[in-house]
Amino acid sequence: AARTQTLSSRMRRRLPDGRILHFQIYQRFFRDDNGRPLRALGATRDVTDEVFAEEMLRLQKDELQAAQKRLERASSSVQEGHWEIDLVTRKHWASSSYHLLLGYSPQERLFETIESVNALMHPDDSARALKAARAHMFGNEPHDVEMRMRCKDGAYRWFRVRGRAERDSDGVALRISGSIHEIDRQKVAEDALRDVKSRFQRAIE
């Protein structure tokens with residue numbers, strides 16, 4: 001009985017006009033009991049488009065990773081984090097600097113849903129923050145709100161959260177992306193200045 005052996009390989013061919021095409025070659029070899037070749041059958045398929053698509057996908061992936069690294073470096077330099085919410089899946093993405101601002105390690109990956117982020121809001125600020133988000137999604141109002149968020153050490157700190165919605169052709173918000181910037185020291189200074197003004201006003205009276 002004849003024995004068979006299969007082989008699959010890929011090769012390139014240069015055409016007279018200089019173009020290079022990629023081919024996938026499938027071969028089956030038939031041998032006798034002593035291993036001597038009897039015949040071979042094969043097929044060749046042009047896979048140039050597939051190779052090109054794979055290469056484009058790899059380049060896009062590399063560009064995306066490079067852009068992500070640039071964003072992370074820029075975020076760290078200005079003490080700013082970035083986030084994105086997919087309103088269809090309700091998934092939340094947060095940059096490494098976002099985690100660090102709240103005292104978490106980027107590897108902890110705690111902010112992957114809208115609910116996980118909402119749970120960090122100060123009870124006195126959550127209603128106002130959610131109202132601002134809805135006003136932006138449904139009324140196209142600017143999304144720019146100051147609120148307190150609970151950090152890993154349990155303390156609440158002030159942050160400025162800004163975002164912008166990406167909409168479909170009907171104007172329906174599909175996702176929102178934006179930034180978070182710590183303003184705790186600024187708010188403490190503002191509170192101290194307000195107290196000084198109040199004491200000064202009382203002294204005058």
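Brief remarks on what is shown
- Remark: pairs (first residue in the range 3-22, under 19 Å from Ala53 (Cβ atoms) and touching a residue at least 24 places away in the same chain (Cβ under 8 Å); second residue surrounded by 10 or more Cβ atoms within 10 Å (Cβ to Cβ) and of a type in the set (A, V, I, L, M, F, W, C); Cβ separation under 8 Å; 6+ apart in sequence or on different chains) = Arg10/Phe23; Arg10/Ile25; Arg10/Val47; His22/Met11; His22/Val47; His22/Val51.
- For Gln68, the conditions (1) at pLDDT 85 or above; (2) farther than 18 Å from Val161 by Cβ all hold with the exception of (1).
- Residue that is modelled with the highest pLDDT, among those in the range 3-39 that are open to solvent by 60 Å² or more (accessible area, probe 1.4 Å) and of a type in the set (A, V, I, L, M, F, W, C): Ile20
- Among the criteria (1) charged (D, E, K, R); (2) open to solvent by 70 Å² or more (accessible area, probe 1.4 Å); (3) under 16 Å from Trp83 (Cα atoms), the one Lys152 does not fulfil is (3).
- Remark: pairs (first residue in the range 97-123, in contact (Cβ under 8 Å) with a residue 24 or more places away in the chain and among the aromatic types (Phe, Trp, Tyr); second residue surrounded by 15 or more Cβ atoms within 10 Å (Cβ to Cβ) and part of a helix (DSSP H, G or I); Cβ separation under 6 Å; 6+ apart in sequence or on different chains) = Phe111/Val117.
- Counted residues, the range 104-146 - those being within 16 Å of Tyr156 (Cβ to Cβ) and over 20 Å from the mean Cα position of the chain (by Cα): 13
- Residues of the range 84-100 satisfying the condition of being outside any loop (DSSP other than H, G, I, E, B), touching a strand residue (DSSP E or B) at 6+ places or on another chain (Cβ under 7 Å) and open to solvent by 20 Å² or more (accessible area, probe 1.4 Å): Glu84, Ile85, Asp86, Lys91, Trp93
- The range 14-44 - residue that is assigned to a loop (DSSP other than H, G, I, E, B) and under 46 Å from the mean Cα position of the chain (by Cα) and, of those, nearest to Arg3 (Cα to Cα): Leu15
- Pair list, Cβ under 7 Å, 6 or more apart: the range 47-70 residue under 30 Å from Gln24 (Cα atoms), other residue outside any loop (DSSP other than H, G, I, E, B) and modelled with pLDDT of 85 or more: Val47/His22; Val47/Phe23; Val47/Gln24; Thr48/Leu21; Thr48/His22; Val51/His22
The values are calculated or read from the model by the stated rules, or taken from the named source; none is laboratory data. Predicted model, so just to flag it, every value in this text is computed and none were measured. Methodologically, a virtual Cβ is constructed for each residue, glycine included, from the backbone with ideal geometry; neighbour enumeration extends over all protein chains shown. SASA here: full protein model, heavy atoms, side chains in, ligands and nucleic acids out. Shrake-Rupley method; radii C 1.70, N 1.55, O 1.52, S 1.80 Å.
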